[in-house]
Structure formats: structure tokens, C-alpha cells
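Trainee: Here it is, the structure in full.
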Amino acid sequence: VGDKLKQWYQRRVRGNLLDPIEKAIKNTLLPALTGLTAVSDSLRDAFALSPKNGGLGISNPAETSDLEYSCSVMINEDLIKAIIANSCELFLPDTDKISKAKLHCKKLKLEREQQKKFNLLNTCGEELGRQVALASEKGASSWLSSLPLKHCGFVLTKQQFQDAIRIRYNIKMEGLSSECACGQQNSIDHALICKLGGYIALRHNHLRDTISSLTSVVCKDVVTEPTLLPLSNEQLPRGTTLSNDARLDISCRGFYSALDKTFLDIRVLHPNSLSNAGKPLNETNSSMKQTVQFCTISNDKN
């Protein structure tokens, strides 16, 4: 935090003299942090965005110095006048004025970042643009902004962090074999959907067990993979398991209302799979929501 505040101070007072610092960030810091041999201009612009907008929060000091300086002058206007007049008596801070100035500066920074993101999505190409849009989804960047608490499992090794960055922006992994054991061409997208080895099931079951553990804190009678009642001519959506040993992932009581039993099905969506790669993200999300809504209505009717 201290280094970040010092950097903000440098931005406010040095202006265009920060170009050498930005050059060091792009050519030295980012390659060492991410494990990339070189960082393109488009990728650098993506990294400069805040995590919630699909970036890493490593802003370009040369680009933000003018706005930082203007905001500093705006917020400290009364203090500047008192310093010029060499009188402490003139400095009577107007808290309302300062608060309004801070809110205005915050609005300016948000608008500038949204404009920067808009320009990036229009110029960076379809692949990087889709990854930035995916990283901007709610919760997609929580692992970047969370405290690295060891007892919660939030601490990543150097290799894990660099792999996570490559997955976030769909950058080819180093040391990854060109061909998967299943015989198909290997890539990050293929590794996330390949059924050989059981990793898809492990990923799903880990998420299921985590949600089940959290649900047990607030709900009663939490059961993992409960059996369902046999069917009696019910009409269910296409792809539903109709055998008598059909199961859902979690059942519990008190999820929506007291004593009511609720069944939860855990689904993992890969937006870059062959069936979703050609769809806009809003269309993919809408299809998932419609499926969840249909299941909720069906449960209410039963």
C-alpha cells in the first residue's frame, strides 16, 4: 500500500516524466510477474484496467498523471491558497466542498476507465476482447482482490499465479504438450473440456463439495447427491436423466423458506467451448438462466 501511495504522489507531481517508469513496468515488471517474455501494447492496456473490468490493476502512470494532478489540485484548492498566502489562518477546510471534489474525481476516473475499456475492446481483437469481457463478469476477479490468507487456501505459488494469468487471457501455456493424450490438439480450452482423466468431474465435485459445506452453515439436512423419486410420466427438458437412480448434487432444507426441501444442481460453464465460442456472452448467460428458471418453476409445480 505504501509503494502504491508513493506512486500516486509521483503521478501527481511529475507528469510526463513518468515515461521511463512505464517503460520499466512494461518491459521488466510485467514479464517477471506474469512469466511472459514480452507484453504487447493491447495486453498492457488490458493489464492497466482494474480487476473488476478485466485487468490486473497495474495502471499506466504516464497516462493517469494528468488526471491525478487535476484531481489533486481540485481537492486541495483551499490548502494551495493558504500555502501561497503563507498563512494558516486562511486554511479553513470546507468538508462538504472536499467531499464533493472527491466524488467528482472518482466519477472522472470511472468514466476514463470505462472509455479506456471501450477503446480496448474495439481495437484489441476478438480473442483478447472476449477474455477481457469474461474477466469482467461478476466474481471472475475475486481471486485477484482477495487477501492471500493461507488458512483459506488463497495463497498461490509463482507457477499457479502465472498459469492463472495465462488462463485469464487465454495465453498459450509454456511446457504444454502440443497433443493431448486423447489424441486431439492441446490448448487451454481443450484442457478445460477434455473428458480423459476425470479432471472435469474433479472440478465439478470440488465446487459441489465447497457449496455443500457452505450451505450446511445456514441450512439443515444437507445431503450430497441425494436420490430422486421415480418418474411417473412427467415432462422434463431434453437431456434430463430419466433412470430411477437419477441424482442431483445437493439437497437441503431452509434454502428458500423454512422446512421446504430444495434440490441444487451444480453446473460449470466454459464459455469458450465449441458449443459456446460463437455465441455472445449475454446469450450464453441467458440460456443458463433460462434453464435454472425452468428447473425452479418445475420444482415449484411439483
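What follows draws every value from the coordinates through simple rules; no lab data is involved. A quick note: this is a predicted structure, and the numbers were derived from the prediction, not measured.
Trainee: Output ³J(HN,Hα) for segment 31-44: one whole-Hz value per residue in order, computed from phi by the Karplus curve 6.51 cos²θ - 1.76 cosθ + 1.60 with θ = phi - 60°, and x for Gly and Pro.
Mentor: For segment 31-44, the Karplus-derived couplings read x, 5, 6, 9, x, 7, 6, 8, 10, 6, 4, 5, 5, 5 Hz, x marking Gly and Pro.
Trainee: Ok, one more. Calculate the length of the line joining the C-alpha centroid of segment 200-219 to that of segment 23-72, in whole Å.
Mentor: 36
Trainee: Return the label of the correct value of mean projected area of the Cα convex hull in nm², as calculated from the structure shown, out of (1) 15.1; (2) 19.9; (3) 22.7.
Mentor: Correct label, based on the coordinates given: (3).
Trainee: Helix 2-14 sits at what angle to the longest principal axis of the chain, using alpha carbons and giving 0 to 90 degrees rounded to 10?
Mentor: Once rounded, the angle reads 50 degrees.
Trainee: Pull out a ≥ b ≥ c, the square roots of the eigenvalues of the alpha-carbon gyration tensor of segment 131-226, then state rounded if a/c is under 1.5, prolate if not and a/b is larger than b/c, and oblate in the remaining case.
Mentor: oblate
Trainee: As a test of the formula, what do you get for the chain when each DSSP H run with n ≥ 4 contributes -39,500 (n - 2.57) and the sum is divided by the residue count, at 222 nm and rounded to the nearest 500 deg cm²/dmol?
Mentor: That comes out to -16000 deg cm²/dmol.
Trainee: Given Lys52/Lys106; Lys195/Lys279; Lys150/Lys195; Lys116/Lys172; Lys117/Lys138, which pairs have Cα atoms separated by over 20 Å?
Mentor: Lys195/Lys279; Lys150/Lys195; Lys116/Lys172
Trainee: Continuing with this model, one more query. Give a residue-ordered list of calculated ³J(HN,Hα) values for segment 52-67 (Karplus: 6.51 cos²θ - 1.76 cosθ + 1.60, θ = phi - 60°; whole Hz; x for Gly, Pro).
Mentor: Going residue by residue, I get 5, 9, x, x, 10, x, 9, 6, 8, x, 5, 7, 9, 5, 4, 5 Hz, with x marking Gly and Pro.
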